[in-house]
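Chemist: There's a structure below that I have some questions on.
Only the coordinates and a few stated rules stand behind these numbers; no lab work does. Treat the numbers as computed from the prediction; the structure is a model and nothing was measured. Backbone-built Cβ (ideal geometry, glycine too); neighbour counts: all protein chains shown.
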Amino acid sequence: MSTQTDRGWVARILGVAAGDLPLEGTIGSFDGATAWLNSAPLTPASLRGHVVVVQFWTYTCINWLRTQAYFRAWGQRYLDHGLITIGVHTPEFKFEHDLDNVRWAVEARKIDYPVAIDNDFAVWRAFANNYWPALYFVDAQGQIRHHRFGEGDYERSEMVIRQLLADAGVEDQRPGLASVEPNGDEVQADWENLGSPESYLGYDQATGFDAGGRAVWDKPHTYTAPEPLRLNRWGLMGDWTVRSDASALNGTNGRVAYQFHARDVNLVMGPARKGASVRFRVLLDGESAAAAHGADVDADGNGTVVQQRMYQLIRQPGPIRDRRFEIEFLDGGAEAFCFTFG
């Protein structure tokens, strides 16, 4: 049997000790959740006695996706030690309020832990949270002892979990950290070559939009994207309506172009009408993406929009340089919300 001194020595080896984890307040209430997936409703009282990690997420967020392999691995590794992982889905886009869309994402991502649906941001406010993704680490007494906003710091986060479990009396933790196996869009960004920022295609948050002339909001307008575009500028070609939250294609054969510098190009998009499908093709510098195609594009650069979600369109094998990305929609009814890069 290990002693408290032994556990303190292990914590120091891992780089986190109880003294490094100040009290940050009590766990927030989940009362404002509008629904739960994979679980009956949970409360702070029902969680008492367990170490808990609460993660705020929204299913189209690339930053959340790149944390998922770690969050999944922690839940699996420490489940038998009493760790409870909880996802709080707080939507960014209007379509992420749709429970069927979230349910699809939970099934597609093989998420088996409890998920609180936070459509009214009530749980978000209860935790005084402001970020996607965000992690809150809660001890067995219901006290928040650590938090992490955004990606990274994974080893320290797992060390915090191990220390909180040790403080709760768990003495048989296996040495070493959890084995992490990211899939597809969960792979970490190529940070050294990432030179393009997240870019929204709705006018409320849009940056880098080059209309090639006059921009028109909330009305159909024919656009011609400049050739060439400057780095991190994007444009439209064809008949589009630029709304507050997205750019919506009115006819067929519309394009979106972006001059980028990154390994990956992702686009949050979907059909305007649920159940519809929109064919597209992806080009790099005017040619087929070929070997640089992403997971949602075939080897000839073709794909189909069938769901409101994030699509991985480009994953380059390298070398990385400034390039012009284009997506051409072959059918009408596409809505494009946000570019992200990796």
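Chemist: Just one of [x] 0.90; [y] 1.10; [z] 0.99 is Cα Rg over 2.2 N^0.38 Å calculated from these coordinates, so which is it?
Modeler: Computed from the coordinates, Cα Rg over 2.2 N^0.38 Å corresponds to [y].
Chemist: Can you list the HN-Hα couplings for segment 99-114, worked out from phi with the Karplus curve (6.51, -1.76, 1.60; θ = phi - 60°), rounded to whole Hz and with x for Gly and Pro?
Modeler: Those phi angles translate into 4, 5, 5, 5, 4, 4, 4, 4, 5, 5, 8, 6, 7, 10, 8, x Hz.
Chemist: Turning to a different aspect of this structure: Neighbouring Cβ atoms within 10 Å as the yardstick, rank Leu165, Leu194 fewest first.
Modeler: Ascending number of Cβ neighbours within 10 Å: Leu194, Leu165.
Chemist: Quick one: which residues, 5+ away or cross-chain, put their amide H under 5 Å from the amide H of Phe209? H built at 1.01 Å from N.
Modeler: Trp234
Chemist: Using θ = phi - 60° and the Karplus curve 6.51 cos²θ - 1.76 cosθ + 1.60, what whole-Hz ³J(HN,Hα) does each residue of segment 226-241 get, with Gly and Pro shown as x?
Modeler: x, 10, x, 8, 6, 4, 6, 10, 9, x, 10, 9, x, 8, 10, 10
Chemist: Turning to a different aspect of this structure: Among Asp210, Asp285, Asp118, which one shows the biggest mean-square fluctuation in a GNM of the chain, springs joining Cα atoms closer than 10 Å?
Modeler: Judging by the Gaussian network model, the answer is Asp285.
Chemist: Express the relative contact order of the chain as a whole percentage, based on alpha carbon pairs under 8 Å and six or more residues apart in sequence.
Modeler: Value for the chain: 17 percent.
Chemist: As I understand it, the value is the acute angle between the Cα axis of helix 68-78 and the longest principal axis of the Cα atoms of the chain; what does it come to in degrees, rounded to 10?
Modeler: With rounding to tens, the tilt is 20 degrees.
Chemist: Something else about it: Roughly how many Å is it from the Cα centre of segment 278-342 to that of segment 98-121, as a whole number?
Modeler: Using only Cα atoms to place each centre, the spacing works out to 26 Å.
Chemist: Using a Gaussian network model of the chain with C-alpha springs under 10 Å, which one of Gln307, Gln173, Gln55 is most mobile by mean-square fluctuation?
Modeler: Gln173
Chemist: Given contacts defined as C-alpha pairs under 8 Å and at least six residues apart, what's the relative contact order of segment 4-186, whole-number percent?
Modeler: Normalised by residue count, the contact order of segment 4-186 is 36 percent.
Chemist: Where does helix 154-167 land angle-wise versus the long Cα axis of the chain, in degrees 0 to 90, nearest 10?
Modeler: 30 degrees
Chemist: To the nearest 20 debye, what is the magnitude of the charge dipole of segment 191-341 about its Cα centre, counting +1 on the Cβ of each Lys and Arg and -1 on the Cβ of each Asp and Glu?
Modeler: 140 debye
Chemist: Sticking with this one: Where does each of 291-304, 250-263 land if you order them by average Cβ count within 10 Å, highest first?
Modeler: 250-263, 291-304
Chemist: Here's a follow-up. Mind checking the angle between helix 4-14 and the chain's longest principal axis? C-alpha axes, 0 to 90 degrees, to the nearest 10.
Modeler: 20 degrees
Chemist: While we're on this one: Any idea how far the Cα center of segment 37-70 sits from the one of segment 189-228, in Å?
Modeler: Distance between centres, Cα-based: 33 Å.
Chemist: Moving on to the next point. Suppose every Lys and Arg Cβ carries +1 and every Asp and Glu Cβ carries -1, with no other charges. What dipole size does segment 4-186 come out with about its Cα centre, to the nearest 20 debye?
Modeler: In total the dipole reaches around 220 debye.
Chemist: Tell me, what HN-Hα J-couplings in whole Hz come from the Karplus equation 6.51 cos²θ - 1.76 cosθ + 1.60 at θ = phi - 60° for each residue of segment 333-341, using x for Gly and Pro?
Modeler: x, 8, 10, 10, 10, 6, 8, 9, 9
Chemist: Treating the beta-carbon of each Lys and Arg as +1 and of each Asp and Glu as -1, no other charges, what is the dipole magnitude of the chain about its Cα centre, to the nearest 20 debye?
Modeler: Dipole magnitude for the chain comes out near 160 debye.
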